Amino acid sequence: MYLQFIEAHDGSDFNWGKFAIGRFTHEEWAYRSALDPTSFCTLLRGRGWDERHVLVLDLQTGEGSIFLPGGLASHDLNNKHKLWVCPMFEPFLTWLYKQDLSDLTKLPAVVNLGDVPTAMYGYRRLGQEAETKDA
């Protein structure tokens, strides 16, 4: 897996997000299951992933997921995943979805996200199951 590190801030010294963006390599895409080597699909493709997907890891909390850029970051975080994220994760994911991700090496090492919400601590997203129970 290729990893690109990006640090995000809001122009102040208060918020500082630290992220790794990953993309599977050719060898990983070609990997076949050791338990089901006759499967029609490779292990990753059999799970529904393709080359457009990226892994986004919050280096502060140690949590992340595989995302398909181009959608709504808030929807992906609130309806699909129950991640413990820093306050910068959603604004960063929103920014990332607007970038050309064909070559991760061209992404900047630092990005100023501008006016984003601030918080002292990260939090765990509720996810779809918790929202359904509360409704």
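The local environment of Leu68, defined by Cβ-Cβ distances under 12 Å, has a net charge of -1 under the rule Lys, Arg +1 and Asp, Glu -1. Taking other Cβ atoms within 10 Å as a rough exposure proxy, Asp100, Asp76 sort from fewest to most as Asp100, Asp76.
Going Cα to Cα from Lys82, which aspartates and glutamates come in below 16 Å? Please leave out same-chain ones fewer than 8 positions away. Here the aspartates and glutamates satisfying the reach criterion relative to Lys82 are Asp58, Glu63, Glu90, Glu129, Glu131, Asp134.
At full extension, Asp103 and Asp13 could sit 29.4 nm farther apart than now, given 0.36 nm per residue minus the alpha carbon distance. The order of Cys41, Cys86, going from fewest to most other C-beta atoms within 10 Å of their C-beta, is Cys41, Cys86.
Read the figures in this text as sums done on the coordinates, not as results from a lab. In this text the structure is predicted, and so the values were computed from the model without any measurement. Reconstructed Cβ throughout: ideal geometry from the backbone, glycine too, with neighbour counts over all protein chains shown.
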